[in-house]
Each structure stands twice: as C-alpha cells, then as structure tokens.
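The values are calculated or read from the model by the stated rules, or taken from the named source; none is laboratory data. All values derive from a computational prediction rather than experimental measurement. Cβ placement follows ideal geometry from the backbone for every residue including glycine, while neighbour counts extend to all protein chains displayed. These area figures cover heavy atoms from the full protein model, side chains too; ligands, DNA and RNA do not enter into them. Shrake-Rupley method; radii C 1.70, N 1.55, O 1.52, S 1.80 Å.
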Amino acid sequence: MKKPFLSIALASTLAFGAIGTQAVFAQQAGTEQEQPLKVFDHKVIKHINAENIYNNIAYLSKTPRVAGTEAEDNAVKYIKEQFESYGYEVEIQPFQYYGYTPPHTVQLSVAGYDGELKPASFTYTVSGNASGDLVYAGLGKKEELTNMDLTGKIALIKRGDISFADKVLNAAEKGAAGVIIFNNTSGDVNGTLGGANDQYVPAVAITQAEGEALLTKLNSGSKLTASVKIEGARTGESTSHNVIATKKPTNKQKDTNKVIVVGAHHDSVAGAPGANDDASGTATTLELARVLKNVPTDTEIRFVTFGAEELGLIGSTYYVNNLSDEDKERVIANFNLDMVGSRDAGDLVLLTLDGKPNLVTELAQASSERLNGAPTPYGQGGRSDHVPFAEAGIPAALFIHSPSEPWYHTPEDSIDKISKEKLQDVAEIVGAAVYDLARFDSMGPKPKKGPKVKADADMYFEQAVR
Ligand code: BES
Ligand code: ZN
C-alpha cells in the first residue's frame, strides 16, 4: 500500500517544477527514512493514471475470458486495439493445445418444481440437450442401478462413495439421457469428471439443499420432468493467443540489444469475470505500454498478454519455447503482473520461482523504496507466467498481493472489488523499475536488500498458500 509521504514527494516535485538531475527527497514520515524520488522516475509515474487501468479492467471483466472461447478472442481484439491506439505494432501469436473448453450455457429446469435451481457444470461435462422424467438413482453405483431402467430419464444422484465420472457413466449405461448430481455437504460442487469420455451424457451439479428438495418432491409422489441444457463445452484441439506489442530502442546506435518483457495473462477461469485475475495485470500492462511509449529507452521492451495461463501456463510456455536461442539470451527480465488490484488482498509481494532475489526483484525493491520509502518484500512462488521465463534462466518475478482475496477464481472476482490505489501503486513501482533498466545510461540495480525483507515476504506468502 502506498505510504502517505509519497504524495508529499510528488507535491513538492510539482511545486518546484523542473528539478535538474538531483534526486527529490520526500519529507520524513514516522520512522521511515528519507527516500529519493529520482527525476527519471518522475518521467514515468507522473503519466500513470489508475483511471485508465480501471476502465480497461471494467471492459475486460464484463464476461469470463476462458482460453479458446469467443470471449477470449474478443479480449485479444480489444487488447490489440488498445496497444495500437498508443502507436504500437502488435503481433498476435496463436497457439494450439489439447484441452477442455467449458460451456457458456448451463441450464436446468424441472417442471413440477418451483424452487430455484442454480446448476454448475463439471470439467469435462459434454454439451447436449436432455429432457425426461426425473428419477432418483441413489449414489449411482452399479449395484444400485441393476434393476433400474433409466432409458430417456434424467437421473438424480447424490454425491459420495464413487467418482462423479462413474456416476455419470453408470447412469448413461442404463440409458439415462442426463444426470443431476447433488452435493452431500453444504456449499457448491466444484467438480471434474477427470477426463474426456465419449460415453458421458450431459451432467450438472446442484447444492445439497436443491437436491434434497427435489428428492422430497419425488418421494411425495410428484412426477417431475427435468431438462438439462449444456452448450459450448468441448474437448479437443483449441486455439488461444498471446498479444505482443514491442517498443524498440529509441536510438539504434545506443541499443543494448537486450529485451525486457512486461506481461500478464488475459484469460480467466470459467464462471469468473477475472477482474483481478487477471484483467488487473493486463490493464496495468496496457497502461505501462501507453506511458513508456513516449520515453527514450536503449533497451527493447515487449508488452505481452498471455492466453491459456489458467490451463497450465500454456501461452507463456509457448512464448518462451518459441524464442530463438539468440532472443532467449537477449531477454534479461520478465515482470509478471497477476492479481495486482484487489481491494481485499494483502500487500504487494514479489515472488520468484526459486525464492531468491534477481534483477527484477532488485529493480522493484529499489523503485518501491524510492516511491514508498520501503522495499516491497520478496518470497518464493510459482503458479503464474513468470515460471517458464525463470525455467529458461531469465530473471523473472510475479507481482501479486498477498494474502489473496477470497474472490479468487469465483464469480465475485468483479470490478467492484478493484482498488485504484493498489493499481496506481503497482503500476508506478513496475513502471519506475522498468524505466530504470531501459532508460539511457542505466547503471542497473543497486545492491540487494538484507534478509528482513525476505522474511516478511515468506510470512505473507505462507498465508496465501491454498
Ligand atoms: N493468479 C493465479 C496464481 C496465484 C493465485 C498465485 C494466488 C498466488 C496466489 C493464476 O492465475 C492461477 O490460478 N494459477 C493456477 C496454476 C496454473 C498453473 C494453472 C493455480 O494457482 O491454481
Ligand atoms: Zn492469474
């Protein structure tokens, strides 16, 4: 979180106008040390506007952006257009992968029952439209179904004892047209069928309360007709995309021939608008591209938004694997912004795959110290697009707030939980760090910080582990 004395530093800078080459010192606040806010920082941070980031998050988070779906294509188009509006040439890098695309439509209605039903799908659920008499089929075990004919029926099955997949397959074998599985405990079922199978019939999950209400109705002798509708689910080859905007060095003669990658993933999980995960990182990447477009630099900067992160870091892995050997040598830093704007998450941390500091953490610790009077702590963490860079030997770090917000991967990861203050803070820290490395005559980062900072980060991170 930004410390209040930063605004004092900014205010004094603005009040005195041009400030030559010397550092600007913030006034002391509490026990914090005086921190120099460098002239070069100012060239970047004064242009960063959290409103722009917020507005782009609002646009992107209108729907989930699952990789391989039309919603991802729309996001990719939007991101490309934004980069282009700042004056960038943009490359779209498509890639294929084999996987499951979740449905865009999941519906359940039961004629004869007027309670509310909120069906969820299982990963690997098949698409289809099934209607028939609702029949209770217990736990859906083979032995329970021996004497049942489920032909054309919708089987209502309770969770427990055997896998979701076996319940669906057992009912399908007995002729069921569709399956409804209800929970055996409170809360939603967030289930998977474990893998693709041609024998599946459309299956949905409902809560324990919903399932028991249906069962009570059936037990009282009512005839219920259920309709299950699932559209858009697919297993097979899919295409997702990375979006790449490149800023070449301003002056070819002074080109360091190095590359900095600033990135975030634009895809989300199914059912989550992904405002924080990771429209926040995508929109912050866009804002940094906008601001850095107009400053002189001697190092190439690539702004990249990755697809299919949520399916296993597929886009970033593809990007790194497809760098030529020469290019891989040229990439000296990856700044990965993932979940950088939640009002309900903790403080900013820098996570590296090996838990050790590197060029990226050192630059960001230095910039955060200049900006906020204290270096952002670092710790160990994977789970995002910095991983393939780190595995290729490229200094990389994840910028994230820890502990995470409770809305992570839920329908509640929406724009109303986004903090403009957090966005501004992260964008300034990353913008100043990137510019420190990319500006002319950069001397690189200062020596690393002591162990206290790391211990803090470890503590934060432990709280964040799922
Ligand atoms: N943004 C998350 C990663 C994350 C969340 C890191 C909370 C630290 C704290 C990312 O989008 C994600 O969900 N990653 C997956 C792993 C990936 C390999 C599919 C995860 O962590 O489950
Ligand atoms: Zn994420």
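When the surface is traced with a 1.4 Å probe over the full set of protein chains, T123 keeps roughly 60 Å² accessible.
Rounded to the nearest 20 debye, the dipole magnitude of the stretch 339-409 is 60 debye, with +1 charges on Lys and Arg beta carbons, -1 on Asp and Glu beta carbons, and the Cα centre as origin. Here the extension length gained between S163 and A196 equals 10.5 nm, from 0.36 nm per residue of separation less the Cα-Cα distance.
Sorted on the mean count of surrounding Cβ atoms within 10 Å across their residues, most packed first, peptides 203-210, 215-222, 318-325 read 203-210, 318-325, 215-222.
The residues of the chain expose on average 42 square angstrom of accessible surface per residue, using a 1.4 Å probe on protein heavy atoms. 3J(HN,Hα) couplings calculated from phi for the stretch 195-207 with the Karplus curve 6.51 cos²θ - 1.76 cosθ + 1.60 (θ = phi - 60°) are, in sequence order, x, 6, 7, 5, 7, 5, 10, x, 9, 10, 10, 10, 6 Hz; Gly and Pro show x. Model label points for R383 and N321, set 7 angstrom from Cα along the Cα-to-Cβ axis, are 2.4 nm apart.
Would you work out what percent of the accessible area of the chain, with all protein chains in place, is carbon or sulfur (probe 1.4 Å)? All intermediate terms of the calculation are to be shown ahead of the outcome.
On the way: 9690 of 19790 Å².
Taking all protein chains in place, the chain shows 49 percent carbon and sulfur surface.
Assign unit charges at the C-beta atoms only (+1 for Lys and Arg, -1 for Asp and Glu), then state the dipole size of the chain relative to its Cα centre in Debye, rounded to the nearest 20.
Dipole magnitude for the chain comes out near 660 debye.
Kindly identify the stretch 105-232 as rounded, prolate or oblate by the Cα gyration tensor criterion: order the square roots of the eigenvalues as a ≥ b ≥ c, call it rounded if a/c is under 1.5, otherwise compare a/b with b/c, prolate if a/b is larger, else oblate. Judged from the Cα gyration tensor, the stretch 105-232 comes out rounded (a/c under 1.5). What does the extension gain come out to for T105 and L224, with contour length at 0.36 nm per residue minus their alpha carbon separation? Fully extending the segment from T105 to L224 adds 40.6 nm.
Separation of the alpha carbons by more than 26 angstrom is noted, of K141/K229; K254/K422; K77/K252, for K254/K422; K77/K252. Using a simple spin-label model with pseudo-atoms 7 Å out from Cα toward Cβ, E116 and Y98 lie 4.2 nm apart.
For the pair A58 and E329, label points projected 7 Å from Cα toward Cβ lie 4.8 nm apart. Would you work out which of L139, L224, A67 lies farthest towards the positive end of the dipole of the chain? Charges go on Cβ: Lys and Arg +1, Asp and Glu -1. The listed residue farthest towards the positive side: A67. Say R0 is 35 Å: what FRET efficiency, to the nearest 0.05, do E91 and K141 get from their beta-carbon distance? That pair, E91 with K141, gives E of 0.10.
Could you tell me how many degrees, from 0 to 90 and to the nearest 10, lie between the Cα long axis of helix 359-372 and the main elongation axis, the longest principal axis, of the Cα atoms of the chain? Helix 359-372 and the main axis of the chain meet at about 70 degrees.
Residues whose amide H comes within less than 5 Å of that of A67, counting only those at least five positions distant or on another chain, are S268, A308 (H built at 1.01 Å from N in the peptide plane). Here K356 sits with roughly 120 square angstrom of accessible surface, probe radius 1.4 Å.
Expressed to the nearest 5 percent, the antiparallel share of DSSP beta bridges inside the chain is 55 percent.
At the residue level, R159 shows approximately 80 square angstrom of accessible surface with a 1.4 angstrom probe and all protein chains present.
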